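Below: one structure, written as structure tokens.
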Amino acid sequence: MQKRLIVNQQLLEIMVMRLCHQLIENHGDFSDSVILGLQPRGKYVAQRIQSTLSSILGKQVPTGLLDTTFYRDDFRRRDTPLAANATKIDFLVEGKKVILVDDVLYTGRSVRAALDAMIAFGRPANVELLVLVDRLYTRHLPIQPTYVGHQVNSLQSQRVLVEWKEQQANEDAIWLVTKSDE
Amino acid sequence: MQELSVRHLLGIKDITPQDIQLIFETADNFKDVLNRPIKKVPSLRDITIANVFFENSTRTRLSFELAEKRLSADVINFSSSSSSVKKGETLLDTVNNILAMKVDMIVMRHSSPGAPHFLSKHIPANIVNAGDGTHEHPTQALLDSFSIRERLGEVAGKKVVIIGDILHSRVALSNIFALQKQGAEVMVCGPITLLPKYIKELGVKVETDVRKALAWCDVANVLRIQLERQQMKYFPSLREYTLYYGIDKKMLDSLNKEIVLMHPGPINRGVELSSDAADSHHSIILNQVENGVAVRMAVLYLLAQKG
């Protein structure tokens, strides 16, 4: 079995803290900025970023959840049906600096769908992308992240698995898993 | 991942409680989409849907058309009153001609019960039954249950009475199946001449006194008297029907409990429902219309995934 640990809990905590400080450098007190976690798995990253930012800044940063299911370009082309998740955005996106947050950046198609989905809530001032893991050289679309936690070289037969305690994992960790072993 | 157990939505009888649950969960998401500044998603942009209506309809056709457009599907509308059906073309030929134009889904209303079932055996497109004679009207039943779930939290365990012209109603039959599949208790109420003989075999309670029915229920789904489908006189006069089966605000207030009042429309105001009842806080009639678009979006979206 090949399930290789690429980021352990301690390193993941440092990564999240570093990403938060990078965000603060560009967004200050977040008075004009909002975070959108991409459903389903970007939700956990966004929540972790939000709680870390709020402990540093002493205030809550507006954070929403964005589901991209209805905006995907692979509808009817997948082996398994797409089930939608909840979108929960309690603030206006119009004129804001938006930080899209996801766990893994692979082909870029989810992010393209997210840009479409986000526009339905208004026209943002600008949009940035934060990902925990950037799978290098795997992009189908010209999309690059603004903030990256960790970069990996991976094969198509592999996938990056991000586990969180919130999902009943023993500890937070990022793994590189060979698909045939799952 | 869950998916529908059927390729066509021909009737509620054919689908499972899990299908209904999946449709509702998807409709919840589409209702959210409908409340956004931009109420459109690109999900069905590569799909063409034909609304084939062999019988008159206003709200169902508009609701389907809006649902299709909100999903970015290409839409064509067909109405038999201005078509070759008048020249003697068969149903299958008409639909095959439409399909030859590369149509992927058919939303169909027909005056003959079973017409969409017949078509589903002969054509490759997904079919949604938008009402077949006095048989079934599945999307109406789904949106009715969805509206009950929205108002009362759940359908299971609720007591629902369907009042009025049960004999000529496709809404009643689909509603009975949908409500029972979700664990509700169902009663039908109306003049004995408008209750089908077999109705008890469906496991529903039968009542002819509307006051007793209202006292029993949590939800009253009032149906329109379908004079256009009645071949003979089933009751002496509309005035007498209203006297015995009409529901007004005074009657609702006298119940000393909250009930939910529904109607699939169009209402004969002053016949089955008085205006003060139809517009009262009990009524969720306009919620039903609103939910209709979200539920139909969910049905079309899920069926499109079945190819």
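How much length would be gained if the chain were fully extended between B:Arg45 and B:Tyr198, taking 0.36 nm per residue of separation minus their Cα-Cα distance, in nm to one decimal? If you can, show how the numbers build up before the last one.
Values: separation 153, 0.36 × 153 = 55.08 nm, distance 4.43 nm.
That works out to 50.6 nm of additional length.
Which distance in nm do the two modelled labels at B:Asp74 and A:Gln10 give, with both placed 7 Å along the Cα-to-Cβ direction?
6.1 nm
From the square roots a ≥ b ≥ c of the eigenvalues of the alpha-carbon gyration tensor of the stretch B:216-307, which class results: rounded (a/c under 1.5), prolate (a/b over b/c), or oblate? Walk me through the numbers before you get to the answer.
Numbers: a/c = 2.86, a/b = 1.46, b/c = 1.95.
Verdict is oblate for the stretch B:216-307.
For the Cα atoms of chain B, what angle does the longest principal axis make with the long axis of helix B:17-34, in degrees from 0 to 90, nearest 10?
80 degrees
If the limit is 20 Å between Cα atoms, which of B:Lys121/B:Lys197; A:Lys59/A:Lys96; B:Lys212/B:Lys249 go over it?
B:Lys121/B:Lys197
Using the heavy atoms of the protein chains alone and a 1.4 angstrom probe, what is the accessible area of the stretch A:4-115 per residue in square angstrom?
Values: 5020 Å² over 112 residues.
Accessible area per residue: 45 Å².
Using a probe of 1.4 angstrom, how much of the accessible area of the protein assembly as shown is carbon and sulfur, in percent? Please report the intermediate quantities before stating the final value.
Numbers: 10830 of 21790 Å².
Here carbon and sulfur together make up 50 percent of the probe-accessible area.
Considering the options A:Leu132, A:Ser110, A:Phe121, tell which one lies farthest towards the positive end of the dipole of the stretch A:104-162, charges being +1 on Lys and Arg and -1 on Asp and Glu at the Cβ, about the Cα centre.
After comparing all options, I get A:Ser110.
Just counting partner chain Cβ atoms within 10 Å, what average do the residues of peptide B:33-43 show around their Cβ? Kindly include the intermediate steps, with their values, before the conclusion.
On the way: counts 6, 0, 0, 6, 8, 6, 1, 2, 9, 8, 8.
If you average over the peptide's residues, the count of other-chain Cβ atoms is 5.
Could you sort B:159-169, A:44-54 so that the peptide with the highest average Cβ count within 10 Å comes first and the rest follow in order? Walk me through the intermediate numbers first.
Values: B:159-169: 24.8, A:44-54: 20.4.
With the highest mean Cβ count within 10 Å placed first, the list reads B:159-169, A:44-54.
Once you charge only the Cβ atoms, +1 for Lys and Arg and -1 for Asp and Glu, what is the size of the charge dipole of the stretch B:138-284 about its Cα centre, to the nearest 20 debye?
Dipole about the Cα centre, nearest 20: 280 debye.
Accessible area lost on pairing A with B, both sides, 1.4 Å probe, Å² to nearest 100?
Working: alone 9840 and 13770 Å², together 21790 Å².
Heavy-atom accessible area buried at this interface is about 1800 Å².
Between B:Phe177, B:Phe118, B:Phe146, find the one with the highest GNM mean-square fluctuation for chain B; connect C-alpha pairs within less than 10 Å.
B:Phe118
Calculate how many DSSP beta bridges within the stretch B:96-239 are antiparallel, expressed in % of all such bridges and rounded to the nearest 5.
Numbers: 1 of 18 bridges.
For the stretch B:96-239, the DSSP antiparallel bridge percentage is about 5.
Between rounded, prolate and oblate, where does chain A land on the alpha carbon gyration tensor, with a ≥ b ≥ c its root eigenvalues, rounded for a/c under 1.5, else prolate if a/b exceeds b/c? If you can, show how the numbers build up before the last one.
Details: a/c = 1.75, a/b = 1.19, b/c = 1.47.
Oblate, since a/c reaches 1.5 and b/c is not below a/b.
Treating the beta-carbon of each Lys and Arg as +1 and of each Asp and Glu as -1, no other charges, what is the dipole magnitude of chain A about its Cα centre, to the nearest 20 debye?
On the way: 22 positive and 21 negative charges, 86 e Å.
The calculated dipole for chain A is roughly 420 debye.
Net charge within 12 Å of B:Asp46 by Cβ-Cβ distance, Lys/Arg positive one each and Asp/Glu negative one each, not counting B:Asp46 itself?
Numbers: positive: A:Arg76, A:Arg77, B:Arg45, B:Lys102; negative: A:Asp73, A:Asp74, B:Asp74, B:Asp104.
Result for the neighbourhood of B:Asp46: 0.
Pairs of alpha-carbon atoms within less than 8 angstrom and 6+ residues apart define the contacts here; what relative contact order does chain A have, in percent?
25 percent.
Which of B:Lys13/B:Lys87; B:Lys181/B:Lys306; B:Lys158/B:Lys306; A:Lys165/B:Lys306; B:Lys159/B:Lys250 have a Cα-Cα distance over 25 Å?
On the way: B:Lys13/B:Lys87 34 Å; B:Lys181/B:Lys306 23 Å; B:Lys158/B:Lys306 32 Å; A:Lys165/B:Lys306 36 Å; B:Lys159/B:Lys250 21 Å.
Going by Cα-Cα distance, B:Lys13/B:Lys87; B:Lys158/B:Lys306; A:Lys165/B:Lys306 fall outside the 25 Å limit.
What order do you get for A:145-155, B:62-72 when each peptide is scored by the mean count of other beta carbon atoms within 10 Å, highest first?
B:62-72, A:145-155
Most mobile of B:Pro124, B:Pro236, B:Pro196 per a Gaussian network model of chain B (Cα springs, under 10 Å)?
B:Pro236
How shielded is A:121-131 by partner chains, expressed as the average number of their Cβ atoms within 10 Å of its Cβ atoms?
Working: counts 3, 3, 1, 0, 0, 0, 0, 0, 0, 0, 0.
Averaged over the peptide's residues, the number is 1.
With the dipole of the protein assembly as shown worked out from charges on the C-beta (+1 for Lys and Arg, -1 for Asp and Glu) around the Cα centre, which of A:Ile14, B:Ala115, B:Ala278 lies farthest toward the positive end?
Selected residue: B:Ala115.
Angle, helix B:138-152 long axis vs. longest principal axis of chain B, Cα atoms, 0 to 90°, nearest 10?
Long axis of B:138-152 versus the principal axis of chain B: about 50 degrees.
What is the stretch B:173-271 by shape, rounded, prolate or oblate, if you read a ≥ b ≥ c off the alpha carbon gyration tensor as root eigenvalues and call it rounded for a/c under 1.5, prolate for a/b larger than b/c, and oblate otherwise?
Details: a/c = 1.62, a/b = 1.07, b/c = 1.50.
The shape class here is oblate.
Please list A:93-99, B:170-176 highest first by mean number of surrounding beta-carbon atoms within 10 Å per residue. Numbers along the way, then the final one.
On the way: A:93-99: 19.0, B:170-176: 26.6.
Sorting A:93-99, B:170-176 by mean packing, highest first, produces B:170-176, A:93-99.
In nm, to one decimal, how far is the A:Leu57 label point from the B:Arg151 one, both placed 7 Å along Cα→Cβ?
4.3 nm
Do you know the relative contact order of chain B, to the nearest whole percent, from alpha carbon pairs under 8 angstrom that are 6+ apart? Could you put the intermediate results ahead of the total?
Values: 559 pairs, mean separation 64.5, N = 307.
Result for chain B is 21 percent.
Considering every residue in A:84-90, what mean count of other chain Cβ atoms within 10 Å of its Cβ is obtained? Working shown, then result.
Details: counts 11, 1, 4, 4, 1, 2, 0.
Across the residues of A:84-90, the mean count of other-chain Cβ atoms within 10 Å is 3.
Using unit Cβ charges (K, R positive; D, E negative) and no other charged atoms, how large, in debye to the nearest 20, is the dipole of the protein assembly as shown about its Cα centre?
Working: 59 positive and 55 negative charges, 144 e Å.
That gives the protein assembly as shown a dipole magnitude of about 700 debye.
Quickly work out the A:Ser31-to-B:Met101 label distance, labels modelled 7 Å from Cα along the C-beta direction, and quote it in nm with one decimal.
About 5.8 nm, to one decimal.
For the stretch B:138-284, what is the accessible area per residue in Å² when the probe is 1.4 Å?
On the way: 6310 Å² over 147 residues.
In whole numbers, the stretch B:138-284 has 43 Å² accessible per residue.
Can you tell which of B:Ile176, B:Ile247, B:Leu143 lies farthest toward the positive end of the dipole of the stretch B:138-284, using +1 and -1 charges on the Cβ of basic and acidic side chains (Lys, Arg; Asp, Glu)?
Result: B:Ile176, furthest along the dipole toward the positive end.
For the stretch B:1-107, what's the relative contact order in percent, using C-alpha pairs closer than 8 Å and at least 6 residues apart? Provide the component values of the computation, followed by the final result.
On the way: 103 pairs, mean separation 28.7, N = 107.
So the answer I get is 27 percent.
Can you give the angle from 0 to 90° between the axis of helix B:285-304 and the longest principal axis of chain B, with both taken from C-alpha atoms, to the nearest 10?
30 degrees
The values are calculated or read from the model by the stated rules, or taken from the named source; none is laboratory data. Just so it is clear, the structure is predicted and the values come from calculations on it, not from any experiment. Neighbour counts run over all protein chains shown; Cβ positions are idealised from the backbone, glycine included. Just so you know, the surface numbers come from the protein's heavy atoms only, side chains and all, with ligands and any DNA or RNA stripped out. Shrake-Rupley method; radii C 1.70, N 1.55, O 1.52, S 1.80 Å.
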